[in-house]
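Below is one structure, written out as structure tokens; comments come after it.
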Amino acid sequence: MKRGYLYTVLFMVVLSAVFTFALAASYEGFKPAIEQNAALQQERAVLYAFGLEEGLSDDEATRKYDEVIRDGGLNGMEVPVYEESGQVMGYALPFEGAGLWGTIRGYLGLNAALNQATGLVFTEQNETPGLGGRIEEPQYKEQFRGLPITKGIPIRYGDNQGEQLDAVTGATQTSSAMLRILNNALDGVFAGEVD
Amino acid sequence: MAEKPREIIKRNLFTDNQVLRQILGICSSLAVTNTMRNSLVMGIGLSFVTALSSLTLSAMRNIIPHRIRMLVQTLVIAAYVIFLDLLLKAYLPDISKQLGPYVGLIITNCIIMGRAEAYAQQNPPVAAMLDGLFAGLGYTLVLMIISLIREVMGFGSVFGINVNFLNLQTWTIMIMPPAAFFIIGGLIWGLTARAQRRARKEGKA
């Protein structure tokens, strides 16, 4: 059967409308679950940066987050602040920068005195799985718990102010990018310091 | 006239496997096969999309204007892939995060459009759906074989569970995409050699 141009155009228009509508409807349907997952991931990340996340179920994590984390400021930046009975315990410093393949985002937990890291966590990274991607593994991340931080002295691999800090083997680019990103973020904190 | 389900299954899983015999879907076979978990999710995702898009396109095959059929195919495939992406984000956020951009790239996987062009266009919906589903499962099967080899040698684990009891040195190259090249090459060689041997035997008999 030979069909005219009109049929062809109408067919495509109707079909596009049907599929767009179906997708929009399913997006609306999934939205609450997707947003909840994103919020939970964020909350877990911040808690992890303070070493508070381990072993918590999803509900417990949300409750813990509501209990001890509030939005606050650190030298002019808006950051999540960890408070216990009215006392500031630490800050979750957000960092962001270019890795080898894509943007690396996450938080570096800092203690209240800003002289020690409490933990490192990623919310987004697209490094090579199995190589640079291993910055997500505890072996790398856990090194940052209790890592000494001093204003004006950048974090570095090897002997970092008396503590051993190791890069990821086979992932030099990603490892170097991490130092650059973290030191940038820290510079931002100390630059905004008023004293 | 229509192919029997058993034939569709056998053809897609073995004799005409999409990856090893048709050499389609190679890109993702290199990219996601460094762990078995990723491969499995990718394979299931692709099977889901291929089955549903083949079903839909076959159901519409008599009303799709011939000269815009590829536009229609892309539209249908893209719609299902976006749906799958939403589904993963809502219910399997961890896996969604790990697969990341690969889910969106299912759209460009040649297997889906290949099946739509080569099969769904001429065959009834149920046969087309079976064909799509098993083309996807045939792809999954190959991905699982490749990732088993890569994960065991590269990480010393199976589905993330450590099996490297002797603490042997793992091979970094196995984690990198080139390793999949060698493995796929080896598999294609083996399968082609077998098919040739069989053809020669039949020729003599």
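The values are calculated or read from the model by the stated rules, or taken from the named source; none is laboratory data. Source: prediction; values computed, not measured. Note: ideal-geometry Cβ built from the backbone for every residue, glycine included; neighbour counts use all protein chains shown.
The table below gives the values:
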{"item": "Inter-residue pairs, beta-carbon under 9 Å, first farther than 14 Å from A:LEU110 by Cα and in the stretch A:183-194, second part of a loop (DSSP other than H, G, I, E, B) and among the polar types (S, T, N, Q), 6+ apart", "result": "A:ALA191/A:ASN75; A:GLY192/A:ASN75; A:GLU193/A:ASN75; A:VAL194/A:ASN75"}
{"item": "Which listed residue is aliphatic (A, V, I, L, M) and either exposed (fewer than 11 other Cβ atoms within 10 Å of the Cβ) or in contact with a Gly (Cβ under 9 Å, 6 or more places away or on another chain) (or both), from B:LEU166, B:LEU191", "result": "B:LEU166"}
{"item": "Filter pass, A:THR128 being buried (at least 16 other Cβ atoms within 10 Å of the Cβ) and β-branched (Val, Ile, Thr)", "result": "yes"}
{"item": "Unmet criterion (only one of (1) at pLDDT below 90; (2) of a type in the set (Gly, Ala, Ser); (3) surrounded by 15 or more Cβ atoms within 10 Å (Cβ to Cβ); (4) closer than 30 Å to B:THR56 by Cβ) for A:GLY4", "result": "(3)"}
{"item": "Residue in the stretch A:68-78 that is in a helix (DSSP H, G or I) and not polar (S, T, N, Q) present", "result": "yes"}
{"item": "Set B:VAL41, B:VAL32: member being over 17 Å from B:GLN122 (Cβ atoms), away from chain A (no Cβ under 11 Å), surrounded by 19 or more Cβ atoms within 10 Å (Cβ to Cβ) and not small (Gly, Ala, Ser)", "result": "B:VAL41"}
{"item": "Enumeration of residues in the stretch B:47-100 that are touching a residue at least 12 places away in the same chain (Cβ under 8 Å), within 9 Å of chain A (Cβ to nearest Cβ) and more than 30 Å from A:ILE135 (Cα to Cα)", "result": "B:MET60, B:VAL72, B:VAL76, B:ALA78"}
{"item": "The one condition in (1) over 20 Å from A:ALA45 (Cα atoms); (2) in contact with a Leu (Cβ under 7 Å, 6 or more places away or on another chain); (3) surrounded by 19 or more Cβ atoms within 10 Å (Cβ to Cβ) that A:GLN173 fails to fulfil", "result": "(3)"}
{"item": "Residue within the stretch A:74-82 that is small (Gly, Ala, Ser) and in contact with a Pro (Cβ under 9 Å, 6 or more places away or on another chain) present", "result": "no"}
{"item": "Any hit, the stretch A:137-160, residues being closer than 30 Å to B:SER96 by Cα and aromatic (Phe, Trp, Tyr)", "result": "yes"}
{"item": "Failed condition for B:ILE149, given (1) aliphatic (A, V, I, L, M); (2) farther than 19 Å from B:MET42 by Cα; (3) at pLDDT 85 or above; (4) touching a helix residue (DSSP H, G or I) at 6+ places or on another chain (Cβ under 6 Å)", "result": "(2)"}
{"item": "Failed item in (1) more than 9 Å from chain A (Cβ to nearest Cβ); (2) of a type outside the set (Lys, Arg); (3) crowded, with 20+ Cβ neighbours inside 10 Å, with B:ASP16 passing the rest", "result": "(3)"}
{"item": "Pairs, first over 16 Å from B:ASN62 (Cβ atoms) in the stretch B:102-124, second among the aromatic types (Phe, Trp, Tyr), C-beta under 8 Å, six or more apart", "result": "B:ILE111/B:TYR139"}
{"item": "Number of the condition not met by A:GLU53 [criteria: (1) more than 19 Å from A:LEU186 (Cα to Cα); (2) surrounded by fewer than 19 Cβ atoms within 10 Å (Cβ to Cβ)]", "result": "(2)"}
{"item": "Residues of the stretch A:63-85 that turn out to be of a type in the set (Lys, Arg) and over 16 Å from A:ALA39 (Cα atoms), as a count", "result": "0"}
{"item": "Residue within the stretch B:116-139 that is among the β-branched types (Val, Ile, Thr), surrounded by 20 or more Cβ atoms within 10 Å (Cβ to Cβ) and part of a helix (DSSP H, G or I) present", "result": "no"}
{"item": "Selection count where residues are under 23 Å from A:TYR140 (Cα atoms) and either in contact with a helix residue (DSSP H, G or I) (Cβ under 9 Å, 6 or more places away or on another chain) or assigned to a helix (DSSP H, G or I) (or both), scope the stretch A:42-60", "result": "13"}
{"item": "Residue check for B:ILE9: more than 24 Å from B:LEU143 (Cα to Cα) and of a type outside the set (Asp, Glu)", "result": "no"}
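Residue-wise test of (1) more than 7 Å from chain B (Cβ to nearest Cβ); (2) surrounded by fewer than 13 Cβ atoms within 10 Å (Cβ to Cβ).
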site: A:VAL9; (1), (2): yes, yes
site: A:VAL18; (1), (2): yes, yes
site: A:LEU23; (1), (2): no, no
site: A:SER26; (1), (2): no, no
site: A:PHE30; (1), (2): no, no
site: A:ALA33; (1), (2): no, no
site: A:GLN36; (1), (2): yes, no
site: A:ALA39; (1), (2): yes, yes
site: A:VAL46; (1), (2): yes, no
